[in-house]
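Every number here is computed from the coordinates shown, using simple stated rules; none is lab data. This structure is a prediction, so every number in the text was calculated from the model and none was measured. Cβ placement follows ideal geometry from the backbone for every residue including glycine, while neighbour counts extend to all protein chains displayed.
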Amino acid sequence: VITDADLTVVDPGIDVLISPPAAALEGMSGFVRDMHTKSGLLDDLKDGVTMEEATERVLSYIKRFVPDAGKALLAGNSVGTDKAFLEANMPAVIDHLHYRLIDVSSIKELAKRWYRSAFAEAPEKHGGHRALADILESIQELEYYRRVLFPSAPVSRADARQIARDVVALGIAKSAE
């Protein structure tokens, strides 16, 4: 799914199903097998494509909207797992992306610790562990946290400068020296 900087969906995405090797299917834990059976994923695998074909489709899709390498950001929940998968299986895709990530799970964890009421009211998830549904729910979740945790009118530059001074005065970074 492609969004703009304001999280408006520019394109609803593509759904690419990769047909895994038989050994991967045989090695699934009961929990994972049950999850993917309930989502319908295991039944859909017969229509899957090879990793090479999936890489071509995904890279072509990204380049259609973000042709320049190093610009597109990978975002989502626990997105480090997605990055590790791309590094191992789709290096051409990871090479086209920016090295920075937007991890919605990190924002959620901060809300859980610092803004408990915002965390408690976050929209419920229903994606069923299918990639496209999970991505759309991650965008929805990020939009929720954006509206609740990040003010639409940021502090003034002068206030930001003073806050920076106050934070530096805490001496947190100096304790590592």
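Using the Cα atoms of the stretch 49-177 to build a convex hull, what is its mean projected area in square nanometres?
The orientation-averaged projected area of the Cα hull of the stretch 49-177 comes to 11.3 nm².
Please work out how much length the chain gains when fully extended from Leu73 to Lys112, using 0.36 nm per residue of separation minus the C-alpha to C-alpha distance, in nm with one decimal.
On the way: separation 39, 0.36 × 39 = 14.04 nm, distance 2.45 nm.
Separation in residues times 0.36 nm, less the Cα-Cα distance, equals 11.6 nm.
Taking 0.36 nm per intervening residue step and subtracting the Cα-Cα distance, what contour gain separates Ala22 from Arg157 on full extension?
Result for the pair: 42.9 nm of gain on full extension.
Run through the stretch 105-136 and list the GluC sites (Glu not before Pro) located in a DSSP loop whose Cβ has at most 12 other Cβ atoms within 10 Å.
Qualifying residues, ordered by number: Glu121, Glu124.
How high is the FRET efficiency from Ser60 to Ala122, r the C-beta distance, R0 41 Å, rounded to 0.05?
0.75
Nearest 10 degrees, 0 to 90: what angle lies between the long axis of helix 51-65 and the longest principal axis of the chain (Cα atoms)?
40
Which distance in nm do the two modelled labels at Thr50 and Arg146 give, with both placed 7 Å along the Cα-to-Cβ direction?
3.9
With just the Cα atoms defining each centre, how far is the stretch 77-112 from the stretch 25-70? Give it in Å.
16
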